């Protein structure tokens, strides 16, 4: 399905979703180096694994866009508010990561109900992303307890 065949409002919402998911707090921490005491280093590794798993689906979505000649939206910089995390420990950041994942999942699920006229294979990728986010949120909440 060509980009022109998708309603403008749907495409706009999809592009917002695509940008937003690339700029989550989890994705920021993947590239940042939050402080981790030796006992907390597995936490950082686990967060990176979660971010990588979500990024993998985002890359598949990007590949779909390219194969179907859809324009790629501009990915803004990460929010400036995230930069304060550079000097905090991973333990202190975990509640913020959980809150960010919870919000991101809620927004994605809302978008999924509205983006019904996207191609079915693209919708399936978005459902996969939502499922991974659910799994990661559950694991993060267990890690925090």
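Any read-out appearing in this document is the output of simple, stated calculations on the displayed coordinates, not a laboratory observation. None of these values were measured; they are calculated from a predicted model. Every residue, glycine as well, gets a Cβ built from its backbone with ideal geometry; the counts of neighbours run over all protein chains shown.
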*The listed residue being within 30 Å of residue 7 (Cβ to Cβ), surrounded by fewer than 18 Cβ atoms within 10 Å (Cβ to Cβ) and in contact (Cβ under 8 Å) with a residue 60 or more places away in the chain, out of 119, 73*: 119
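Taking region 10-48 as the region of interest, how many residues are touching a helix residue (DSSP H, G or I) at 6+ places or on another chain (Cβ under 9 Å) and either exposed (fewer than 13 other Cβ atoms within 10 Å of the Cβ) or under 30 Å from residue 69 (Cα atoms) (or both)? Show your work before the answer.
Here is the first cut: in region 10-48, the residues touching a helix residue (DSSP H, G or I) at 6+ places or on another chain (Cβ under 9 Å) are 10-11, 13-14, 16-18, 20-37, 40-41, 43-44, 46-48.
With the extra rule that they be either exposed (fewer than 13 other Cβ atoms within 10 Å of the Cβ) or under 30 Å from residue 69 (Cα atoms) (or both), the set shrinks to 10-11, 13-14, 16-18, 20-28, 30-31, 33, 37, 41.
Within region 10-48, residues that are touching a helix residue (DSSP H, G or I) at 6+ places or on another chain (Cβ under 9 Å) and either exposed (fewer than 13 other Cβ atoms within 10 Å of the Cβ) or under 30 Å from residue 69 (Cα atoms) (or both) number 21.
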*For residue 55, all conditions in the list (1) assigned to a loop (DSSP other than H, G, I, E, B); (2) under 13 Å from residue 129 (Cβ atoms) hold save one; what is the number of the exception?*
(1)
_Residue list for region 10-52, restricted to those being assigned to a helix (DSSP H, G or I) and touching a strand residue (DSSP E or B) at 6+ places or on another chain (Cβ under 8 Å)_ = 40
*Please specify each residue of region 88-98 satisfying the condition of being part of a helix (DSSP H, G or I), more than 14 Å from residue 31 (Cα to Cα) and more than 18 Å from the chain's Cα centre (by Cα).*
91, 92
